[in-house]
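Engineer: This is the structure I have questions about; it appears just below.
Derivation of every value follows stated rules applied to the coordinates shown; laboratory data play no part. On a predicted model such as this, the values are computed, not experimentally measured, just so you know. Virtual Cβ from ideal backbone geometry, glycine too; neighbours counted across all protein chains shown.
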Amino acid sequence: MLRRNICNEAGARSDGLMFVSVLFITAFTYIALTTNPVYTGIGVGDRAPDLSGEVWDGTSWTDFDLQDNIDSMWSEGDGGTYYMIEFMDTNCSACISSASEITSQQSKWTGDSPTRSMPENVTVEFLAVSISLREGTEGWDYGQTEITDFRTEYEHSFGYMDDHDNDNRDEWGIPGTPTYFLVAPNGIILYATPDAEQGLSIWDAMDYEIPTGGVM
């Protein structure tokens, strides 16, 4: 009888250990399947960091969060929205020089009738993120009025984000301005100025990465 009890106890412990092992394997498999392994960073192939703040759309300041506009289930060949993001400073001479070029590019890529051929279910949005490179420096003025005036002066039709507190600049580790990114509908960075080959512009990357033609 004693031997039988010992055997029964050993069998119970073995069954319990097996049950725990099955639970562990199941949990590990679930985590492996549901956890996104893509690194968050600002390099090509990285998942874009968080980007949020108040955006001036020409009429009012509204809250914007890039993550709310990302489709994590998107894959190449699907429709969706690509984001051209420019980190800039309204006082930066290089940003001022590029503003006119962006004016011509916005009609090519954005709006109801972009001149660049794209599938009907593919859209492009521009977003300027106005940062503060030299707050407190004489001649370098900041504030939401500076942002709205700059947008109006260059007849830009896209949103301008107020990042004069530099929260997004620091999150993205922006080395200088202007710095450009092309973000795919799933949040993956397709072009980044810091990674770009010499001579390859954001506009070159957009022509290459964004599909042409009819409905996908």
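Engineer: Starting from the coordinates of the alpha-carbon atoms of region 52-209, obtain the Kirkwood hydrodynamic radius over all distinct pairs and give the value in Å to one decimal.
Structural biologist: Across region 52-209, the inverse of the average 1/r is 16.2 Å.
Engineer: Over region 52-137, what number does the Rg to Rh ratio reach, with both radii from the alpha-carbon atoms and Rh per Kirkwood?
Structural biologist: 1.01
Engineer: Something else: Could you compute the net charge surrounding Pro194? Neighbours are other residues with a C-beta less than 14 Å from the C-beta of Pro194; K and R count +1, D and E count -1.
Structural biologist: In short, -3.
Engineer: In region 45-120, with Lys and Arg counted as +1 and Asp and Glu as -1 at Cβ, which of these residues, Leu66, Thr103, Leu51, has the Cα nearest the positive end of the dipole, that is, farthest along it?
Structural biologist: Of Leu66, Thr103, Leu51, it is Thr103.
Engineer: Could you tell me which of Thr152, Gln198, Ile188 has its Cα farthest along the dipole of region 52-209 towards the positive end, charges placed at Cβ (Lys, Arg +1; Asp, Glu -1), taken about the Cα centre?
Structural biologist: Of the candidates, Gln198 comes out farthest on the positive side.
Engineer: Please turn the phi angles of region 115-121 into ³J(HN,Hα) values with the Karplus equation 6.51 cos²θ - 1.76 cosθ + 1.60 (θ = phi - 60°), one per residue in order, whole Hz, x for glycine and proline.
Structural biologist: Working through the residues one at a time gives 7, 7, 5, 9, x, 5, 9 Hz.
Engineer: Could you derive backbone 3J(HN,Hα) for region 177-187 from the dihedral phi with the Karplus parameters 6.51, -1.76 and 1.60 (θ = phi - 60°), listing whole Hz in sequence and x where the residue is Gly or Pro?
Structural biologist: 10, x, 10, 10, 9, 10, 10, 6, x, 8, x
Engineer: In nm, to one decimal, how far is the modelled label at Glu153 from the one at Glu101, with both set 7 Å along Cα→Cβ?
Structural biologist: Reported label-point gap for Glu153 and Glu101 is 1.9 nm.
Engineer: What dipole magnitude, in Debye to the nearest 20, does region 39-116 give about its Cα centre under +1 on Lys/Arg Cβ and -1 on Asp/Glu Cβ? Intermediate values should be presented prior to the final figure.
Structural biologist: Working: 3 positive and 14 negative charges, 73 e Å.
Using only the charged Cβ atoms, the result is roughly 360 debye.
Engineer: Region 140-161 to region 176-206: how many Å between their Cα centroids?
Structural biologist: That distance is 22 Å.
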